Amino acid sequence: MIYRYRFISEHRTEFGVKRLCQVLGLRRQGFHEWIRAEQARAARAEAEAGLVALIGRIHAEHRSAYGVPRITAELHRRGIVVNHKRVERLMREHGLAGITRRKRRTTTRPATGPVTPVGDLIRRDFTADQPGTRLVGDITCLPTFQGWLYLATVIDLHTREVVGHAMAEHMRTSLVCDAINLATARGLIRPEAVFHSDRGVQYTSGQFRTALAEHSIRASVGRVGSCYDNAVAEAFFATLNTEIGTAIWRTRAQARQDVFTWLRYYNHTRLHSTNGHNTPAETRTNHYAQTHAA
């Protein structure tokens, strides 16, 4: 039937629709209904091609890291109402997929000497009612041809924003102190806030405890050998190592620049599922706007 309709469409100028329908034993009404449906199908195909192109651009803008949920959320932010199942189908048909997280290299070295007992004030409750009150941190290492570059972070549990970080060629205690000092200098940690970490030697040292006390921050540590007690920090580094897109850098300077650029992207552009697919910076700004409005 479709082939006969197409034949009529291709030759109607020469022979006329009425004559062709009579010869082929078809109703003219049926042909005209097919023509209208064909136009609608063409319009849908054109709209879908435009949507695929936009999905591809969003995917490329975010280093091919976004999967279906974040692509769908970004489309909604741009005013495009689309079902996640349709996005999943189009991404699958065009070979687009998010990046799967890689397992990261551990840098935790437990303290061996006597340590002042510190409890777990987080207890795997990685939420916070407001910014600057509950934070987590950890250290990761980035490979370069000049040797390792170490990155320490301070992450806000309300916003998931990296409020402080530090990079160095070593992972001595001063590295994690620098990350805390930057966060407090930015005014993003409140007095009596809780900072949670693993039991690495840097975080259990007297020097670090003194740095926390100077800023009226309470220390919290997880259990020995339990990555789940610091799951947010672990997950953040898994995301960074997966999305930053470089297996090994030529120099530490290049690694520093790439990490700094990615952290800005993470805080201000990348949508976070925990925040209802808002960016960490938006989440902080929205909280204070709502607080002031109330």
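The values are calculated or read from the model by the stated rules, or taken from the named source; none is laboratory data. Small disclaimer: the values here were computed from a predicted structure and weren't measured. Methodologically, a virtual Cβ is constructed for each residue, glycine included, from the backbone with ideal geometry; neighbour enumeration extends over all protein chains shown.
Some values worked out for this structure:
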quantity: Any chance Ala128 is within 22 Å of the chain's Cα centre (by Cα), surrounded by fewer than 21 Cβ atoms within 10 Å (Cβ to Cβ) and closer than 16 Å to Val232 by Cβ; calculated: yes
quantity: Inter-residue pairs, beta-carbon under 7 Å, first assigned by the TED database to the domain that holds Ser174 and in segment 119-146, second modelled with pLDDT under 90 and among the charged types (D, E, K, R), 6+ apart; calculated: Thr140/Arg104; Cys141/Arg105
quantity: Residues (without any contact (Cβ under 8 Å) to a residue 60 or more places away in the chain and surrounded by 23 or more Cβ atoms within 10 Å (Cβ to Cβ)) located in segment 157-178; calculated: Val163, Gly164, Val176
quantity: Failed item in (1) crowded, with 19+ Cβ neighbours inside 10 Å; (2) within 14 Å of Leu142 (Cα to Cα); (3) out of contact with any Asp or Glu (no Cβ under 9 Å at 6 or more places or on another chain), with Phe237 passing the rest; calculated: (3)
quantity: Answer from Ala235, Ala247, Ala255 - the residue that is in contact with a Leu (Cβ under 6 Å, 6 or more places away or on another chain) and either not assigned by the TED database to the domain that holds Ile139 or not β-branched (Val, Ile, Thr) (or both); calculated: Ala255
quantity: Some residue of segment 140-153 being modelled with pLDDT under 95, small (Gly, Ala, Ser) and in a loop (DSSP other than H, G, I, E, B); calculated: no
quantity: Selected residue (only one of Ala247, Ala253 is aliphatic (A, V, I, L, M), in a loop (DSSP other than H, G, I, E, B) and more than 30 Å from Thr285 (Cβ to Cβ)); calculated: Ala247
quantity: Condition met for Arg160 (touching a Pro at 6+ places or on another chain (Cβ under 7 Å) and either basic (Lys, Arg) or part of a loop (DSSP other than H, G, I, E, B) (or both)); calculated: yes
quantity: Which numbered condition Ala152 misses (of (1) buried (at least 17 other Cβ atoms within 10 Å of the Cβ); (2) among the small types (Gly, Ala, Ser); (3) farther than 17 Å from Tyr266 by Cα); calculated: (3)
quantity: When residues of segment 47-61 are limited to those that are among the charged types (D, E, K, R) and either exposed (fewer than 11 other Cβ atoms within 10 Å of the Cβ) or closer than 13 Å to Met91 by Cα (or both), the one modelled with the highest pLDDT; calculated: Arg57
quantity: Filter result for Ile244 (buried (at least 19 other Cβ atoms within 10 Å of the Cβ) and either among the aromatic types (Phe, Trp, Tyr) or modelled with pLDDT of 95 or more (or both)); calculated: no
quantity: Hits in segment 138-149 (condition: crowded, with 17+ Cβ neighbours inside 10 Å and in contact with a helix residue (DSSP H, G or I) (Cβ under 6 Å, 6 or more places away or on another chain)); calculated: Asp138, Thr140, Leu142, Thr144, Leu149
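To keep it simple, each residue is scored yes or no on (1) loosely packed, with under 11 Cβ neighbours inside 10 Å; (2) touching a residue at least 12 places away in the same chain (Cβ under 8 Å).
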| position | (1), (2) |
| --- | --- |
| Arg28 | no, no |
| Glu33 | no, no |
| Ala40 | yes, no |
| Ala45 | yes, no |
| Arg63 | no, yes |
| Tyr66 | no, yes |
| Arg70 | no, yes |
| Leu75 | no, yes |
